[in-house]
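Read the structure below first, then the notes.
The values are calculated or read from the model by the stated rules, or taken from the named source; none is laboratory data. The structure displayed is predicted, hence computed values, not measured ones. Heads up, the Cβs are rebuilt from the backbone with ideal geometry, glycines too, and the neighbour counts pull from every protein chain shown.
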Amino acid sequence: MISKRCLLILLGVFCVAVPVLRAGEKPAVQVIFDFAEKQYRRELGTNAPGVERHALELILSDLNRRAPFLRFTSEPQSAVLRVRLGSPSGGGEMHEVNFQLLVEGTDPVSGKPLQSGVVRWSFRPASAYDSPLGSPEGLAAEIGLSFQQGDHLDLVRKVLSAVPIAHDGTLVEKDPIPVWVIPFTQGDLCMDFPSRLKIIDELHTDVGQRSHELNVEANGVYGSSGSTASASLQNRILSTPAEPPPDQSIALTDVRSIPPTSNKILAVYVLEYHRLDLGCEELIKPAGVVSGGGGGQ
Amino acid sequence: MTRSAILAVLLLLMPAAAIQAQNPETMTAVQRASSNAQQLAAAGNWPTARSTMEAALQACNPGPEQSSCRRLSNFTLGYLAQQQASEMSHDNSERSQLLRQADDLYKAVLVDAPNDGATLNNLALLEQMLGENANAAEHWKKAIDVDPVRGGQYALHLGDLLLSQKQVADARAQFRRAADFSPAAETPRRRLVETYRLAPDAELKDLPPFLFQAEALFPSVARSGYELLMSRLYKLQPADSEQALLRWTIVMSQQGWLTQTSLSKLPADWSAPSVAELRRYMADPATANPPWNWWRSRDDRRRVIIEVARTAGKQLLDGEQASAAARCWNVALDSARYIEGNGPPSPPGAPSIGSPVNLRKELALLYYQHPSLDPDSAKLNELVRELFMGKMEAYEHQRWPEIQEYHTVIGLIYAARGVWEPAPGKWPPASAIFQFEHALDAAEHRKRDENFYQPLPEVKARLAQGYEITKRVADAQRMYWLAALAYLDADAPADSTKMLDSYRRMGGASPDARSLEALIHYRSQPVSIASLDEVNAPWLFRVPPSFGQDFLQRQRFKLYADQPGAAESSAASRNERLARAWEAYDLVADKGTPLVGAGDLVRWENVTTTLLEVGHVPPQPLHLLKGAELASSRGRVPRLVLAGQEYPIGISVSPETQSAARIVATVGAANALLLGNYIQLHANQVFVRNEDIPSKIDNLLKNLRDSQAIQISPMAEVPIA
């Protein structure tokens, strides 16, 4: 017989392992910032954890602004973006200090391990290794500023593309070309078109299941012109097969041979992200309460 | 109660009384209702959201002084109706009803405020949803004219509408306009390139100049544009497509995007030598016999080879193939020998293309970190020889950033070997001292020519150490002194003290040393605002000979800016804080004092936050300018110098910050704070409350009007979104 305590633990494990994301809800990724450069840490002494904390805030703010298809947080999550600055064994002259970024952990829905490539961004060139670190606040700002100048396109392509942004979606058409709708609006992801996605598509047939990995292009929203759009899919991002390479004609023929109702999207990944950096939300919101301030002596 | 105490009480009571007198509570209530209604709508509770806002509208009085209350209420109700409709399917009958409601509400707003950009925009979007595209276009055109702050967004929407109607040339014009309004935005530039996909071949000739300008700030836009050109022209106009290939290769290499996979973006059946050689090379970048032929036939192309090899070698290094990376870079540097003339042009503010200095530096670093690649230092010696040759070439063409970098790298190599001065009778440049001296000369040259100040404390400290080791006492004294100043610039007072100690150890006895000591003391711990005047810190104002005016200005900025962060709340201290913030602002924005190090960036944020409090504006995110954007920035913008960066970063000053600074400059800090109760800043305008303005405030406003530095408008005209 299972004790109450065990049942609670099991329920807890279940809740952590299979979180249900509502449409428009973005998966969370924990960001861990490690200020690893040995010599710099030694110089900072007891200020090092403070610099780490402050720099992490700046990194989170940058990521949530520049890659808003995921929700970056410092809270523990099963998906982790590790940002390491420098090397724990480094030191000496002529030594370039870099950021190294990679994804690890597990996909909270499928439980599969997450593994990405690594991107490296320069923090200080070798000739500036010995430049003073300045004040702790200044150093944290420098870290934030350098991070901001990194190549975020490359970060998405090589690292963040390892994290699925959804585990559902709908194949709304199969002819003349398949059209998938993903559970986000353009405003949810602040995504400009075309951006590139990867869809893991599972086909259910009488003889069993098979899945395909398809590169698709997000290039419009569902129901923007037609009048028969399903309300639940209204304004969601739609995507069509990307042009080769790679050649995916066999997989596409397979998808088209099966009724859309037998099609299931297992995962959606962002491969190439273009941010809508002007008018992400088309409708302009009314101003809220204007904060007080200014005078008052 | 003393007179001063009574005055203080009156001053404390004044803001509340003033706000009461202007009856702003209705406005605050409607703003709060608007926020609540939006939250309710976000949770899907549309009926309550609507009734909340309807109640707020009822509370607005009918008179002209309450027009802003009615505008915000109607605008919010229109927004809610439109938002709800946009989530419904097209065949839902309620959808068109809601859109009509929103249409009426927005038009009611425009009766009171015909030039409200946000309302015009939302109305245009609504008309687009209803298929009334001509009306939508007209409303966006008007919005662009009357609300330049969001002009980029409106022009982008208008361009999208025109593009959907296949009016390609008109759409392109709007995307250009959006790009002009929003110099840092990538979206309009991406759209602009998209218009060329729909354009006839003859129009493609207009694209390369735009792509060239986009290379530094918007490389992904430039990349897709060049790919478009190549795919359209490679059969018809081979010369133009090869020029596009050259620029594409530069962008891809500089961004580190060039890989075998990225080459698959080029037309598969394009087999010109230029492409074929690139494909062969990227398949095996560590080859000792690279396939370059077309690429070696001109100097500009040979310089691009260097960029390609640099990227390919880094990829090999990332794959932990250090030996292959070394071979890749050595082979590329071989092909760079005897290159004459400049490389292909760079966009304004971007670094030069194909400079071998970076590659040589990378290679030197590689040998340093992997001694097994160069056990007898022969390769490093050869590299040093090449660095000297490269340096001579950089001098020939007066490329000062490169010259400085060459001297620094060679200096570091000699210093690591302990070669501070040449052996007797040997060539003087073969020594660390010579190289560091010339690195500092090059930095001085850049300060004179480009107004680019770099403190370089680590170079000065090393040079001082070199002088000391070689018993050049007077030089060591002088350089330790300069290093002490430079470390203060770089926010390292403890290191500055060490340098000052070394200066004294070398026999330095200038009377200015005591002033420097006092300055280090001031910089090391919080000091009261009062102690920063000419009586207590005379050396901060009367320039000691060995300090220099520029150095003192930089120090004054730091000291003043460190004050506004202090959490003091008395009226006097608020005046002082604002006054110091303005002085710090003035030193940077008007007198051109550079910000040195990221610590100064934090200070600048504090300074602007303090100034903005005058106009009820929350802290604003920093907008940094680099490359072409900095080069094209109108007027003088504050410049930030960061350790290890070859070029300065510009900082854009918001119109609100400029207005706040002008208010303080015109009426003084104490009056600016008084004025703050009656005004709100938005963009480059000051909006003033309409009712019951005391005569003192009226006089201050008159001063502002007379100064003609600021545009003043009634509060009723403040934008509602």
Checklist entry - Hey, which of the helices (runs of 4 or more DSSP H) in segment B:24-134, taking only ones fully inside, have at least 2 residues that are more than 26 Å from residue B:154 (Cβ to Cβ) and of a type outside the set (Asp, Glu)? => result B:25-42, B:46-59, B:93-112
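Is it the case, given these coordinates, that residue B:583 is assigned to a helix (DSSP H, G or I) and either touching a Lys or Arg at 6+ places or on another chain (Cβ under 8 Å) or among the hydroxyl-bearing types (Ser, Thr, Tyr) (or both)?
Here the answer is yes, as residue B:583 does meet what is asked.
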Item to check | Evaluation of residue B:54 against (1) farther than 24 Å from residue B:128 by Cβ; (2) within 11 Å of another protein chain (Cβ to nearest Cβ); (3) among the acidic types (Asp, Glu) (one fails), failing number | outcome: (2)
Item to check | Condition broken by residue B:90, with the remaining ones in (1) within 11 Å of another protein chain (Cβ to nearest Cβ); (2) in contact (Cβ under 8 Å) with a residue 12 or more places away in the chain satisfied | outcome: (2)
Next on the checklist: Restricting to segment B:654-666, give me the number of residues that are out of contact with any Ser or Thr (no Cβ under 7 Å at 6 or more places or on another chain) and either surrounded by fewer than 21 Cβ atoms within 10 Å (Cβ to Cβ) or at pLDDT below 90 (or both).
Outcome noted: 5
Checklist outcome for this item: Checking A:276, A:283, A:214 in turn, the sole residue that is at pLDDT 85 or above, of a type in the set (A, V, I, L, M) and touching a Cys at 6+ places or on another chain (Cβ under 7 Å) turns out to be A:276
Item to check | Selected residue [over 17 Å from residue B:479 (Cα atoms), out of contact with any Cys (no Cβ under 7 Å at 6 or more places or on another chain) and either in contact (Cβ under 8 Å) with a residue 12 or more places away in the chain or charged (D, E, K, R) (or both)] from B:409, B:459 | outcome: B:409
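Within segment B:477-493, is even one residue in contact (Cβ under 8 Å) with a residue 24 or more places away in the chain, more than 20 Å from residue B:551 (Cα to Cα) and surrounded by fewer than 23 Cβ atoms within 10 Å (Cβ to Cβ)?
No; the residues of segment B:477-493 include none that is in contact (Cβ under 8 Å) with a residue 24 or more places away in the chain, more than 20 Å from residue B:551 (Cα to Cα) and surrounded by fewer than 23 Cβ atoms within 10 Å (Cβ to Cβ).
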Item to check | Test set (1) over 32 Å from the mean Cα position of the chain (by Cα); (2) at pLDDT below 90 - residue B:671 fails condition number | outcome: (2)
Checklist entry - For segment B:315-427, which helices (runs of 4 or more DSSP H) that fit wholly inside it have 1 or more residues that are in the same structural domain as residue B:248 (by TED's automatic domain parsing) and over 26 Å from residue A:121 (Cα atoms)? => result B:322-336
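Pick out, from segment B:183-278, the helices (runs of 4 or more DSSP H) lying fully within it that include 1 or more residues that are under 27 Å from residue B:158 (Cβ atoms) and charged (D, E, K, R).
On the way: elements: B:187-197, B:207-214, B:219-233, B:238-255.
Correct list: B:187-197, B:219-233.
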Checklist entry - What number of residues in segment A:244-276 are free of Cβ contacts under 8 Å to residues at least 12 places away in the same chain and either within 14 Å of chain B (Cβ to nearest Cβ) or hydroxyl-bearing (Ser, Thr, Tyr) (or both)? => result 7
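One line per residue, one yes/no per condition, for (1) without any contact (Cβ under 8 Å) to a residue 40 or more places away in the chain; (2) charged (D, E, K, R); (3) surrounded by fewer than 21 Cβ atoms within 10 Å (Cβ to Cβ); (4) farther than 19 Å from residue B:350 by Cα:
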residue	(1), (2), (3), (4)
B:234	yes, no, no, yes
B:239	yes, no, yes, yes
B:249	no, no, no, no
B:261	yes, no, yes, yes
B:264	yes, no, yes, yes
B:275	yes, no, yes, yes
Next on the checklist: Quick check on my filter: what residues within segment B:450-473 are in a helix (DSSP H, G or I) and out of contact with any Phe, Trp or Tyr (no Cβ under 7 Å at 6 or more places or on another chain)?
Outcome noted: B:450, B:458, B:460, B:461, B:465, B:467, B:468, B:473
Checklist entry - Of the residues that sit in segment A:80-139 and are within 13 Å of chain B (Cβ to nearest Cβ) and of a type in the set (Ser, Thr, Tyr), which one is surrounded by the fewest Cβ atoms within 10 Å (Cβ to Cβ)? => result A:89
Checklist entry - How about segment B:703-716: which of its residues are under 18 Å from residue B:112 (Cα atoms) and either assigned to a loop (DSSP other than H, G, I, E, B) or in contact with a strand residue (DSSP E or B) (Cβ under 7 Å, 6 or more places away or on another chain) (or both)? => result B:713, B:714, B:715
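Can you pull out the strands (runs of 3 or more DSSP E) entirely within segment B:612-702 that have at least 3 residues that are over 23 Å from residue B:148 (Cβ atoms) and not hydroxyl-bearing (Ser, Thr, Tyr)?
The qualifying strands (runs of 3 or more DSSP E) are B:639-641.
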Item to check | Contacts under 8 angstrom Cβ, first residue in segment A:48-69 being over 30 Å from residue A:192 (Cα atoms) and in the same structural domain as residue A:139 (by TED's automatic domain parsing), partner acidic (Asp, Glu) and assigned to a helix (DSSP H, G or I), 6 or more apart | outcome: A:54/A:137
Checklist entry - Any idea which of (1) surrounded by fewer than 17 Cβ atoms within 10 Å (Cβ to Cβ); (2) within 22 Å of residue A:158 (Cβ to Cβ) is the one residue B:198 doesn't satisfy? => result (2)
